[in-house]
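To start, the structure under review is shown below, and the notes come after it.
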Amino acid sequence: MQINLTHKTLHFKKPAKTSRGAYTTHDIILVSISDDGYQKIGLGECAPLPDLSADRAAYTRLSDVSALINDALASDDYAEFLRPCPALLFALESAMYDFTKSPMLYDTPFARSEVGIPTNGLVWMSSYDDMLRQVKEKLMAGFRCIKLKIGAIDWDEEMRLLEFIRSRFSRSTVELRVDANGAFKPDEAMARLKQLARYDLHSIEQPIPQHAWDDMARLCRESPVPIALDEELIGISSIKEKQQMLDTIKPQFIVVKPSLHGGMSGSIEWVNEAQKRGIASWMTSALESNVGLRNIALLAAKVYNISPANATRIMPQGLGTGLLYTDNIEMDVELRGSQLWRCEVDE
């Protein structure tokens with residue numbers, strides 16, 4: 001078995017704006033595993049995000065990454081060894097499962113191209129006119145779950161966008177999610193949440209910055225809009241820490257991102273611990289290329305047991321990011337309307 005690493009810089013079609021700033025490029029490392037004759041290849045993606053990923057500093061040089069992988073594979077449990085490095089753990093786990101075509105990922109209706117995964121339509125922060133254009137495009141494409149990034153443009157204009165959607169579509173027709181990326185100050189958050197409640201939202205992701213557990217717990221108790229934790233999960237790797245955070249904050253939802261939240265194994269832990277507490281979850285990509293997107297979709301299909309019988313009832317996942325880059329990597333997944341499908345099945 002051979003492991004090869006390749007660095008690639010992805011270029012966004014237009015800046016991907018959040019309340020933390022804008023991304024124009026994204027540096028990733030592709031991890032490929034092959035047999036001696038290159039007849040079998042497994043592919044994973046290590047795609048940490050600057051100033052956000054807990055393990056960003058570990059990937060300054062390919063030689064450092066190679067050494068870290070070798071140390072992990074020489075240990076008794078590589079997943080346990082790489083707990084502090086979720087982006088690399090996700091890449092290595094993905095490549096390993098892909099190389100072996102493990103039933104863990106490939107024994108599902110989605111992997112067999114029998115069902116698509118419901119996906120939300122993501123509307124990026126921009127000017128009011130551009131965000132309105134994005135909303136209309138998503139609705140025309142058939143999305144019935146729209147997620148808007150908020151907290152960067154004028155607040156009144158963001159409310160006008162939500163008003164535009166709700167004046168035309170009820171909650172039973174279009175589900176609305178918003179993501180603040182921690183943009184609200186704790187002392188202003190409740191007032192903002194009360195304003196948002198007028199638009200019958202499904203949820204708001206990360207209204208205030210992470211690590212303010214007492215403030216977040218209070219908001220989760222009192223907010224008229226259900227709260228989903230996202231950035232709050234970053235850097236929490238042990239089972240004990242996960243249990244402590246969930247028991248302290250008691251959110252209504254968590255949003256699980258394998259590159260940020262513990263790789264595949266760590267993401268499964270998050271989902272399981274949340275389920276024990278009656279906390280719902282969905283899975284989302286974190287600006288990976290199509291390589292990471294495909295592997296997250298395979299994992300989500302397994303974790304949430306997505307099948308033709310229940311696909312219409314599954315909570316939409318955050319997997320609509322395959323068209324972000326000018327130089328994305330061609331893979332065997334494609335967005336068909338509002339669903340992500342696997343478009344080829346390996347022989």
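Looking at this structure, is GLU330 touching a residue at least 40 places away in the same chain (Cβ under 8 Å), among the acidic types (Asp, Glu), outside any helix (DSSP H, G or I) and closer than 17 Å to ALA87 by Cβ?
No.
Yes/no per residue for (1) among the aromatic types (Phe, Trp, Tyr); (2) within 26 Å of GLN339 (Cα to Cα); (3) free of Cβ contacts under 8 Å to residues at least 60 places away in the same chain:
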{"site": "ALA152", "(1), (2), (3)": "no, no, no"}
{"site": "GLU158", "(1), (2), (3)": "no, no, yes"}
{"site": "PHE184", "(1), (2), (3)": "yes, no, yes"}
{"site": "ALA189", "(1), (2), (3)": "no, no, yes"}
{"site": "LEU193", "(1), (2), (3)": "no, no, yes"}
{"site": "HIS211", "(1), (2), (3)": "no, no, yes"}
{"site": "SER223", "(1), (2), (3)": "no, no, yes"}
{"site": "LYS242", "(1), (2), (3)": "no, no, yes"}
Please go through the stretch 13-31 and pick out each residue that is modelled with pLDDT under 95 and open to solvent by 20 Å² or more (accessible area, probe 1.4 Å). LYS13, LYS14, PRO15, LYS17, SER19, ARG20, GLY21, ALA22, TYR23, THR24, THR25, ASP27
Check whether at least one residue in the stretch 118-137 is under 20 Å from GLY322 (Cβ atoms), assigned to a helix (DSSP H, G or I), in contact with a Gly (Cβ under 7 Å, 6 or more places away or on another chain) and open to solvent by 20 Å² or more (accessible area, probe 1.4 Å), and report yes or no. no
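Out of all the residues in the stretch 178-200, is one or more among the small types (Gly, Ala, Ser), surrounded by 13 or more Cβ atoms within 10 Å (Cβ to Cβ), in a loop (DSSP other than H, G, I, E, B) and within 18 Å of the chain's Cα centre (by Cα)? Please lay out each step first, then the result.
Pass one, the stretch 178-200, residues among the small types (Gly, Ala, Ser): 180, 182-183, 189, 191, 197.
Going one step further and asking which of them are surrounded by 13 or more Cβ atoms within 10 Å (Cβ to Cβ), we end up with 180, 182-183, 189, 197.
In the following step, the residues that additionally are in a loop (DSSP other than H, G, I, E, B) were identified as 180, 182-183.
Imposing the further condition that a residue be within 18 Å of the chain's Cα centre (by Cα) reduces the set to 180, 182.
Looking for residues that are among the small types (Gly, Ala, Ser), surrounded by 13 or more Cβ atoms within 10 Å (Cβ to Cβ), in a loop (DSSP other than H, G, I, E, B) and within 18 Å of the chain's Cα centre (by Cα), one finds at least one in the stretch 178-200, hence yes.
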Being more than 30 Å from VAL174 (Cα to Cα), of a type in the set (Gly, Ala, Ser) and open to solvent by less than 10 Å² (accessible area, probe 1.4 Å), is that true of even one residue in the stretch 58-75? yes
Set GLY151, GLY116: member being under 19 Å from LEU287 (Cβ atoms) and under 20 Å from the mean Cα position of the chain (by Cα): GLY151
Can you tell me which condition GLU80 does not meet? The list is (1) open to solvent by 50 Å² or more (accessible area, probe 1.4 Å); (2) closer than 30 Å to GLY42 by Cβ; (3) in a loop (DSSP other than H, G, I, E, B), and all the others hold. (3)
Test of understanding: among PHE110, PHE90, which residue is assigned to a loop (DSSP other than H, G, I, E, B), at pLDDT 95 or above, within 23 Å of the chain's Cα centre (by Cα) and crowded, with 23+ Cβ neighbours inside 10 Å? PHE110
If you check GLU158 against the conditions, is it among the charged types (D, E, K, R), over 24 Å from MET283 (Cα atoms) and open to solvent by less than 10 Å² (accessible area, probe 1.4 Å)? yes
With LEU68, LEU10 as the choices, which residue is touching a residue at least 40 places away in the same chain (Cβ under 8 Å) and either more than 29 Å from GLU205 (Cβ to Cβ) or under 20 Å from the mean Cα position of the chain (by Cα) (or both)? LEU10
Quick one: which of SER289, SER338 is more than 17 Å from ALA111 (Cα to Cα) and open to solvent by less than 10 Å² (accessible area, probe 1.4 Å)? SER289
Is the stretch 305-314 home to any residue that is polar (S, T, N, Q) and open to solvent by 40 Å² or more (accessible area, probe 1.4 Å)? yes
Does GLU163 satisfy the criteria of being part of a helix (DSSP H, G or I), under 23 Å from LYS138 (Cβ atoms), more than 24 Å from the chain's Cα centre (by Cα) and among the charged types (D, E, K, R)? yes
Matching residues, the stretch 39-57, being open to solvent by less than 70 Å² (accessible area, probe 1.4 Å) and either of a type in the set (A, V, I, L, M, F, W, C) or over 13 Å from ALA95 (Cβ atoms) (or both): LEU43, CYS46, ALA47, PRO48, LEU49, PRO50, LEU52, SER53, ALA54, ASP55
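The values are calculated or read from the model by the stated rules, or taken from the named source; none is laboratory data. All of these numbers come straight from a predicted model, not from anything done at the bench. Ideal geometry is used to build each Cβ from the backbone, glycine not excepted, and the neighbour counts take in all protein chains shown. Note: accessible area is taken over every heavy atom of the protein model, side chains too, but ligands, DNA and RNA are not part of it. Shrake-Rupley method; radii C 1.70, N 1.55, O 1.52, S 1.80 Å.
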